[in-house]
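One structure is given below, encoded as structure tokens.
The values are calculated or read from the model by the stated rules, or taken from the named source; none is laboratory data. Just so it is clear, the structure is predicted and the values come from calculations on it, not from any experiment. Neighbour counts are summed over all protein chains in view; Cβ atoms, including those assigned to glycine, are modelled from backbone coordinates with ideal geometry.
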Amino acid sequence: MADAGIRAHKKDQSVRKILNAALLVFATRGYNGARVDAIARKAGVNKAMIYYRIGNKLALYQAVIHDIYQDRAAQLHKDIQSKATPEDKLTTYIASVAAIMDAHPHFTRIMIREMVSGWANFGPAIFEEVSVTVRIVQAILDEGVEKGVFVQTNPLAVHTMIIGSLILNHLTQPVRNEIMAALDPSETPADISGFNQLVPQVQHLVIAALRPEADSRET
């Protein structure tokens, strides 16, 4: 099935079951370890239906990525539109990305596996969808520069900083809990070990790094 067909029919109950099952299997076993048979069993459909409705394993994998990114871009646009200032838009962007990670916890594992593989299983259409979110960041930063509240910055660097921080924090919750427990009570900072508590910290650090006064301190 072509990409447009997948998007048009993703609300179909059978396709929805297949995409949900594939997300879990790919996140758990990785692309190379996943089997279409296992995805079919988890979805409660036969393998022939997957090939007929979506395609081979690579097409299915990319359909899962498309599914998440398409929803993500739409939600980001919606969340940011109502905000008046560049600072509010950027903090909303960060909060929205974090909320999407919470809504799709297995997706972060897929992203980590892709990073390690050198993005071997991403195609041009997926990179185009990733670029949509980078353009959102670019528009926010441009507005901030125009209004004098942000310094000129590479939007891809800011996007990577935000996504990387959130993905790492999202996946390392158990480790951070152990670190917090190992600290002496006198050394223990305020409880920011939970993912939701860390999001405001990421927002604060990103905004602070973009301020003109931060740039002047570096020079």
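If you go through region 5-16, how many residues are buried (at least 17 other Cβ atoms within 10 Å of the Cβ) and at pLDDT 90 or above?
1
Can you go through Gly164, Gly144, Gly123, Gly148 and tell me which one is out of contact with any helix residue (DSSP H, G or I) (no Cβ under 8 Å at 6 or more places or on another chain) and at pLDDT 80 or above?
Checking each option against the conditions leaves just Gly164.
What single numbered condition from (1) in contact with a Gly (Cβ under 7 Å, 6 or more places away or on another chain); (2) of a type in the set (Phe, Trp, Tyr); (3) on the phi > 0 side of the Ramachandran plot fails to hold for Trp119?
All conditions are met except number (1).
Tell me the residue from Thr153, Thr160 that is exposed (fewer than 15 other Cβ atoms within 10 Å of the Cβ) and hydroxyl-bearing (Ser, Thr, Tyr), please.
Result of the check over Thr153, Thr160: Thr160.
Inside region 19-44, can you point out the residues that are of a type in the set (Val, Ile, Thr) and at pLDDT below 95?
Passing the criteria: only Thr28.
Please go through region 182-219 and pick out each residue that is more than 26 Å from Gly148 (Cβ to Cβ) and modelled with pLDDT of 60 or more.
Quick first cut of region 182-219, residues more than 26 Å from Gly148 (Cβ to Cβ) only: 182-199.
Across region 182-219, the qualifying residues are Ala182, Leu183, Asp184, Pro185, Ser186, Gly194, Phe195, Asn196, Gln197, Leu198, Val199.
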